[in-house]
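Presented below is the structure to which this report refers.
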Amino acid sequence: MSDTTPSAATILVVDDTPTKLYILSSWLRRAGYAVVEATAGLEALRRIAELHPDLVVLDVRLPDISGYEVCERIKNDPATSSIPVIQISGAAITAADRALGLHRGADGYLAEPIEPDEFVATVEAALRYHRARQRAERLAGRLGALTDLTLAMNAAQTFDELLSTAVSGTSRILGRTAGVVALAPDGRTRRLTAVPPDGTVTVRSSPPGALETLGGRALGQKAGIEFLDVPYDYWTSVAPDTPSRRDIVAVVARTKRDRPPILLGLEPEPELDQDELSIMRQIGQAVALAVEALRAYAEEHAIALTLQRSLLPSRVPQVPGLDIVWRYQPAVDNVEVGGDFYEVLELGDQVLVAVGDVQGHSLLAATVMAELRHALRASLIGKVELDQSLSLLNDVLRRYHPRMTATVCLTLLDPATGEAQIANAGHIPPLLLGGDGTARYHEHFGNLLLGVAEEVYRIDRVVVPPGGSVLMFTDGLVEDRDKYLDDSLEIARRTAEGIGDDMDEAAGRLIDTFGAREDDVALVIVRRHRAPGGSQRSMSVTSSE
């Protein structure tokens, strides 16, 4: 039954005169209202607190406290302030009396004698206003909750978090059992339900083919959003674990023709009004948009990773006398391609290890990174001179990409003797690890980064002892917005001191020490084999030029 019918309303009549109380109550009952009676002001306040009636008919003259005071208390209490009050009096009938009653909170004031039709019409008018106000307040509250829900859905980091947020919020806003079915980017269908009042979420089995069948039934091949009535018998035949024992009202939505739809369902009893259907439609559309955004992000992220990995070495050579491990970890939340790179090249009896970072995250940064890698390789054909290689990279960047900068560090190592050359263009210096467990950064931080100005690059010479290692990484490993770089560099140094024989584990531990990163990370560790029966020594510097 609609809440606009009289019998949906409960009215409290307050009067200490039995005959008058009986007459007023009779008129209201004949009009179809449920009536509760009280004969005093304090009794009326107790009944209001217990029953929360839809309207109060209140005599002005009561034996304990006046009707004016009762009305004031009703209106001053946030829990009852919206209840309409109609005051009636056979004695306080002057214009001043009526004005006083209205000033102290009454929504209407009738002076006796009263005609039955006028009385009932006044009650109906007050209730219409009351119901309109209730509806407006309820709708405003739901729209505010809908805004919060949309923001929460768009902030979700995972597909499951998005669906859980959506179905829980729908259940809380509309006060009904709700369910959602959607196809995740991994190709598996997700189905979640939530029950009021707190929107507790349960993950349920996903009926095979049900989403496609219902989506086709509602939308065909087009994009958009449509309502769909799903019979209980049909739904339970494909999803026997459904908590609902009724038919389901659902919205099916998709943002693009070639995308799988989402289904958002609700229990339809009591019958959904137009405001609830409108909110359900808006939630369904918001879920579809959020799902599409998250799905598109996942696809773009996968494409970016594929492209980025295609620009990096497909393998690292196996070099006698050396153990080499590497890691490349893309930024957690970045769908764009980054400019971090590494390179390991055999050059006769020597091995070159390069680590670099081109400014920015974009397709341009990745393109410039690839150009620098190829230019570096070309510079090493023939005579190997690290300072000349860096000069060439600097010239390439300044000539062809004048607004770009990059940092690059090169290490050229002879596995047989341990002699190494280091040339650095503005990059984090390598960590030099002695065979005795010591770890220190190469003391020279290098020359100016690439792409800024003409520069003469310096070459430093060190000796890597048997069992010693060179660790090179990009700044994405250690840079944090809320931490000094020197502190993070020290954490990396202390972690490197604990590198054992398992270099794969050591590389993973370095990555795990700093957790998920906002920037890409490239990391290479090169360890020189220990000589049989040889002693472990610390790293030494022989000369620099």
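The values are calculated or read from the model by the stated rules, or taken from the named source; none is laboratory data. Everything numeric here is computed off the predicted structure, so don't read it as measured data. Don't worry about glycine lacking a Cβ; one is built from the backbone with ideal geometry, like all the others, and counts go over all protein chains shown.
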Unmet requirement for LYS75, which otherwise passes all of (1) over 15 Å from HIS130 (Cα atoms); (2) under 57 Å from the mean Cα position of the chain (by Cα); (3) of a type in the set (Lys, Arg): (1)
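Counting just the residues of segment 508-528 that are of a type in the set (A, V, I, L, M) and over 11 Å from SER469 (Cβ atoms), which one comes out modelled with the highest pLDDT? Walk me through it before giving the result.
Of all residues in segment 508-528, those of a type in the set (A, V, I, L, M) come to 510-511, 516, 521-526.
Next, from what is left, pick out any that are over 11 Å from SER469 (Cβ atoms): 510-511, 516, 521-523.
Working: LEU510: 87, ILE511: 86, ALA516: 70, VAL521: 86, ALA522: 87, LEU523: 91.
The qualifying residue modelled with the highest pLDDT is LEU523.
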Close pairs from segment 254-279: first under 30 Å from ALA132 (Cβ atoms), partner hydroxyl-bearing (Ser, Thr, Tyr) and assigned to a loop (DSSP other than H, G, I, E, B), Cβ under 6 Å, at least 6 apart: GLU267/THR177; GLU267/SER244
Residue within segment 176-183 that is touching a Phe, Trp or Tyr at 6+ places or on another chain (Cβ under 7 Å) and buried (at least 18 other Cβ atoms within 10 Å of the Cβ) present: no
Qualifying positions in segment 377-395 - surrounded by 21 or more Cβ atoms within 10 Å (Cβ to Cβ) and touching a helix residue (DSSP H, G or I) at 6+ places or on another chain (Cβ under 6 Å): SER389, LEU393
Positions within segment 263-281 being crowded, with 18+ Cβ neighbours inside 10 Å and in a helix (DSSP H, G or I), in sequence order: GLU276, ILE279, MET280
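Could you say which residue among ILE23, ILE86 is of a type in the set (A, V, I, L, M, F, W, C) and within 23 Å of GLN134 (Cα to Cα)?
On the way: ILE23 fails: within 23 Å of GLN134 (Cα to Cα).
Only one candidate passes the filter, namely ILE86.
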Qualifying residue in segment 431-438 (condition: among the charged types (D, E, K, R), surrounded by fewer than 24 Cβ atoms within 10 Å (Cβ to Cβ) and in contact with a strand residue (DSSP E or B) (Cβ under 9 Å, 6 or more places away or on another chain)): no
Test: residue in segment 474-496 that is closer than 15 Å to GLY437 by Cβ and not in a helix (DSSP H, G or I): no
Of all residues making up segment 10-60, the number that are closer than 18 Å to SER81 by Cβ and of a type in the set (Asp, Glu): 2
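Among the residues of segment 374-381, is there at least one that is assigned to a strand (DSSP E or B), farther than 21 Å from ALA507 by Cα and modelled with pLDDT of 85 or more?
Within segment 374-381, not a single residue is assigned to a strand (DSSP E or B), farther than 21 Å from ALA507 by Cα and modelled with pLDDT of 85 or more.
Tell me, which strands (runs of 3 or more DSSP E) lie completely within segment 146-248 with 2 or more residues that are more than 19 Å from ILE283 (Cα to Cα) and at pLDDT below 90?
Hits in segment 146-248: 200-204.
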Of all residues making up segment 399-453, the number that are assigned to a strand (DSSP E or B) and among the β-branched types (Val, Ile, Thr): 4
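Taking ALA92 as the residue in question, decide whether it is in contact (Cβ under 8 Å) with a residue 12 or more places away in the chain and in the same structural domain as TYR33 (by TED's automatic domain parsing).
When the stated conditions are applied, ALA92 passes them.
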